[in-house]
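Contents: one structure, followed by commentary.
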Amino acid sequence: MVWRHAILLEPAASDDPRTDFAELLTPIDPTAPALSVGELSTQRGDGIFESIGVVDGHAQEVEAHLERLAHSAAICQLPPPNVAQWRQAVQAIARECPPGECVIKLILSRGVEHGPAPTAWVTASTAPDNAAVREHGIRVVTLDRGYDSGAPARAPWLLLGAKTLSYATNMAAIRAAHARGADDAVFVSSDGVLLEGPTSSLVLRQGDRFVTPEPGAGILHGTTQLSLFSWLETQGYETGYASLPVSALREADAAWLLSSVRLAAGVTAVDGEPLAYDAALTASINAYLLSPRD
C-alpha cells in the first residue's frame, strides 16, 4: 500500500513578512480531484518542481532544494517563491510521513490559463524500493540530447537549467534505454560532452578525484551530488567540475548516477561494455546519503 498526503498552498508574495503561513496551507485528499481543467501544469507542463528525499520523517537537504526551486522559477519567469512558506509546508508534510523512506514533491505551476495567480502544492508518498539498484548497480546507454554544449547560453528559452514539469523527453529517454537492454541513460550533447541522466546527476571517479559535468552546459546542479562532494572531501578525496567527453565515462574508475530518492546507483556497464563497479564505496556513499542531512 502506497501512503500519500498532499497540501495545497495559497502562494504568498516572496517579500511577505509573516513567519507563520499555516492559514495558507490546506491539507487536501491526494486521491480526490484538486486541479482545474484549465491548469497549465497539466495542459502544457508549464511549471517547475523539486523532489526531496525523506528518511524516517527527516526531509533531506531542504534548503538546497528550495534554492533550486527559486532558481528554476527565475529561469521560467514565474513569481519568486516565498522560501519561508515552502519551508513550512515541507516541515508540515514531513511530520506526516511514516517511518522509512518517502519522497516530497514541491510543484509550482503558472496556474490556470488567464488566471490571476500561480498554483502551488506539495505532496508526499512512500518512496519506491531502491535497495536492489543501490546494491547491484545499473547499466546505462548514452543518448544524444539533441543540442550542443553551447545551446544553453545561445538559447536560454530552452529552459535547460530549470527543473520543469515538461518531463516527456526525460521519460522517453528512459524507455529508450530499456529498449536497448539498459536500466537508465546518460545524456550527451551533440558535440560529445557528457551531461546528466534523465532524472539524475552523473559523478565519475578518476583515481582519487571525483568529477561531475559542470552545470554551465544546461545541467541541473544536483543537490545530492553537492552533498556527496562535501562528504567525499571529508574523506580526503578531491572533487571538481569539468567539461567531460563521452570517453571519460567509459574510462572512469567508477561512475554513479545520483538522485534525491534513488540516491547512488553505481554504473556497471556503458553502451553494453562493462565498467568497474566499486560495491564497497557505493555502500558507504548510500549509508551517508541515508543519514540525516540538512
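In table form, for the structure just shown:
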{"item": "Enumeration of residues in the stretch 210-241 that are touching a helix residue (DSSP H, G or I) at 6+ places or on another chain (Cβ under 9 Å), in a helix (DSSP H, G or I) and small (Gly, Ala, Ser)", "result": "216, 217, 227"}
{"item": "Residue 139 in a helix (DSSP H, G or I), in contact with a helix residue (DSSP H, G or I) (Cβ under 9 Å, 6 or more places away or on another chain) and crowded, with 17+ Cβ neighbours inside 10 Å", "result": "no"}
{"item": "Looking only at the stretch 84-125, and only at residues there that are in contact with a Lys or Arg (Cβ under 9 Å, 6 or more places away or on another chain) and closer than 23 Å to residue 289 by Cα, the one that is surrounded by the most Cβ atoms within 10 Å (Cβ to Cβ)", "result": "124"}
{"item": "Any hit, the stretch 186-197, residues being of a type in the set (D, E, K, R), crowded, with 22+ Cβ neighbours inside 10 Å and assigned by TED's automatic domain parsing to the domain that holds residue 140", "result": "yes"}
{"item": "Residue match in the stretch 157-164 (condition: at pLDDT 95 or above, assigned to a helix (DSSP H, G or I) and either more than 20 Å from residue 262 (Cα to Cα) or touching a strand residue (DSSP E or B) at 6+ places or on another chain (Cβ under 9 Å) (or both))", "result": "no"}
{"item": "Among residues of the stretch 94-133, those that are part of a strand (DSSP E or B) and either hydroxyl-bearing (Ser, Thr, Tyr) or on the phi > 0 side of the Ramachandran plot (or both), counted", "result": "5"}
{"item": "Residues being out of contact with any Pro (no Cβ under 8 Å at 6 or more places or on another chain) and under 19 Å from residue 219 (Cα atoms) - total across the stretch 251-261", "result": "6"}
{"item": "Sole exception among (1) at negative phi; (2) at pLDDT 95 or above for residue 61, by number", "result": "(1)"}
{"item": "Evaluation of residue 78 against (1) more than 30 Å from residue 266 (Cβ to Cβ); (2) outside any strand (DSSP E or B); (3) touching a residue at least 60 places away in the same chain (Cβ under 8 Å); (4) in contact with a Gly (Cβ under 8 Å, 6 or more places away or on another chain) (one fails), failing number", "result": "(3)"}
{"item": "Any hit, the stretch 20-29, residues being assigned to a strand (DSSP E or B) and in contact with a His (Cβ under 8 Å, 6 or more places away or on another chain)", "result": "yes"}
{"item": "Qualifying residues in the stretch 220-242 (those that are small (Gly, Ala, Ser) and at pLDDT 95 or above) - the one farthest from the chain's Cα centre (by Cα)", "result": "236"}
{"item": "Residue within the stretch 38-58 that is of a type in the set (S, T, N, Q), at pLDDT 95 or above, surrounded by fewer than 20 Cβ atoms within 10 Å (Cβ to Cβ) and part of a strand (DSSP E or B) present", "result": "yes"}
{"item": "Residue in the stretch 140-160 that is in the same structural domain as residue 268 (by TED's automatic domain parsing), touching a residue at least 12 places away in the same chain (Cβ under 8 Å) and under 17 Å from the mean Cα position of the chain (by Cα) present", "result": "yes"}
{"item": "Subset tally (residues that are over 24 Å from residue 101 (Cβ atoms), of a type in the set (S, T, N, Q) and within 22 Å of the chain's Cα centre (by Cα)) for the stretch 243-275", "result": "1"}
{"item": "Residues of the stretch 1-11 that turn out to be over 16 Å from residue 94 (Cα atoms) and either surrounded by fewer than 19 Cβ atoms within 10 Å (Cβ to Cβ) or among the aromatic types (Phe, Trp, Tyr) (or both), as a count", "result": "2"}
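The values are calculated or read from the model by the stated rules, or taken from the named source; none is laboratory data. No experiment lies behind these values; they were computed from the predicted model shown. Note that we place each Cβ from the backbone using ideal geometry, even for glycine, and neighbour counts take in every protein chain shown.
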